[in-house]
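First comes the structure, then the notes that go with it.
The values are calculated or read from the model by the stated rules, or taken from the named source; none is laboratory data. What you are looking at is a predicted structure, and each value in this text was computed from that prediction instead of being measured. Virtual Cβ from ideal backbone geometry, glycine too; neighbours counted across all protein chains shown. We work out accessible area using only protein heavy atoms, side chains counted, and drop any ligands, DNA or RNA first. Shrake-Rupley method; radii C 1.70, N 1.55, O 1.52, S 1.80 Å.
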Amino acid sequence: MFVHEGGFGGCADVSWGSVLPLAAESYRVIAPDMLGFGGTAKITRFDEPPFGFRLRHIYALLDSLGIDGQVHLVGHCFGGSVILRALTDPALRARIATASVVSGTGGPWRTELTAELGTYDGTLQSMRRIEELSCGTFPGFEEYIETRQRWASVPGHFPALASARTPVPEPLRAARPADPYPQTLAGITTPLLLIEGSDDALLEPGWTKHFVQVLPHTTVTTLPAKHSPNISHPERTWQVVEQFIGGTDVQ
C-alpha cells in the first residue's frame, strides 16, 4: 500500500504515479487517496492530530477489500509520517509487514522552508515554484505540474487543506501534552526503511539519525535528490524499496 504526501494537489496519482507500474510487476498494489485529497471527501478534523482519522480511513479500506493480513506500507512525506505514527499503535502495527518512508519524519526536524509549501495561491506559477523546491525539475516536470494543478482545483480540496493551517488566536489555544515521539517507537521490531534526499532543503540534514538512535535496526538510504525522489527518481526509489522488502523475512 502506497500512501501519498499532504501538499496542495497531493494524491496517490501525483506521489506514486510513476512508481506504481513498477511495483505492480511483482506485488498487488493499493494506492488510496487520503481524506481531503484526490477523489475522497474534502474533509479535515480539528479536534485531533492529522494522522488518526486518516489511518482509520486507510485501515477501513483494507478491511473493505478483505485484507486482514500484514501489508507492506510505503509512504512519502506526510504519508510517511502517517505510517510512522501507525507504528506507535500496537493494533495498527500488527498489520504492517514492513514500513518504507520517503522523506517523512512523523512531524519534527523540518526546516523553515517548509512554510513555503503553504503559500500556494492557486496559480500554476505558484505550484511550479513550490514543486521546484520539493522535487526540482526532471523529464515530464511540466506534465506533472499540470496534473497536480488539476487535483488542486477539485472543489473543496483547497479549503480542506488551507483551513487546517489557520492559526488559532492565543486566548483560544489549548495546552497540549508533550509528545514523546519518536521515543514511542522504542522496542518496535517492524522492519523500517528511511529514504533521505541528499539535497532535501525541507528537512534537517541527517534527520534519519533520530530514528536510528531509537531503532538501531532501521535501514537508511540516501538518494541524490530533493524531498521527493519518488517523483523525480521513481525507478531508483522503487529499486531501493523493492530490495528492502525482498530482504525482509515477511513476504
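Listed values, structure above:
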{"quantity": "Burial order of peptide ranges 219-232, 176-189 (average beta-carbon count within 10 Å, highest first)", "calculated": "219-232, 176-189"}
{"quantity": "Under-5 Å amide H pairs with L223, H placed in peptide plane, nonlocal only", "calculated": "E196, G197, S198"}
{"quantity": "Other-chain or far-sequence residues with amide H under 5 Å of A97's (modelled H)", "calculated": "V71, H72, L73"}
{"quantity": "Assigned charges on the beta-carbon of Lys, Arg, Asp, Glu; the chain dipole about Cα centre (debye)", "calculated": "500"}
{"quantity": "Under Karplus coefficients 6.51, -1.76 and 1.60, residue-wise ³J(HN,Hα) of region 32-37 in Hz, glycine/proline x", "calculated": "x, 8, 6, 4, x, 10"}
{"quantity": "Nonlocal amide H pairs with M34, under 5 Å, H built at 1.01 Å", "calculated": "H4, A12"}
{"quantity": "Given charges at Cβ of Lys, Arg, Asp, Glu: region 102-241 dipole, positive-most of A186, I130, Q239", "calculated": "A186"}
{"quantity": "Relative contact order, percent, region 1-98 [alpha-carbon distance under 8 Å, six or more residues apart]", "calculated": "33"}
{"quantity": "Percent RCO, i.e. relative contact order, over region 1-44, from Cα pairs under 8 Å lying at least 6 residues apart", "calculated": "42"}
{"quantity": "Percent RCO, i.e. relative contact order, over the chain, from Cα pairs under 8 Å lying at least 6 residues apart", "calculated": "24"}
{"quantity": "Ranked packing of 29-39, 139-149, 195-205, 156-166, most packed first, by mean Cβ within 10 Å", "calculated": "29-39, 195-205, 139-149, 156-166"}
{"quantity": "Å² of accessible area per residue within region 18-64, as computed with a 1.4 Å probe and no ligands counted", "calculated": "51"}
{"quantity": "The chain shape via C-alpha gyration tensor axes, a/c threshold 1.5", "calculated": "rounded"}
{"quantity": "Residues of region 131-251: accessible area per residue with a 1.4 Å probe, Å²", "calculated": "54"}
{"quantity": "Within the accessible area of region 76-161 (1.4 Å probe), percent carbon and sulfur", "calculated": "56"}
{"quantity": "Per-selection metrics, region 152-193 (Cα): Rg and Dmax in Å", "calculated": "17.6, 43"}
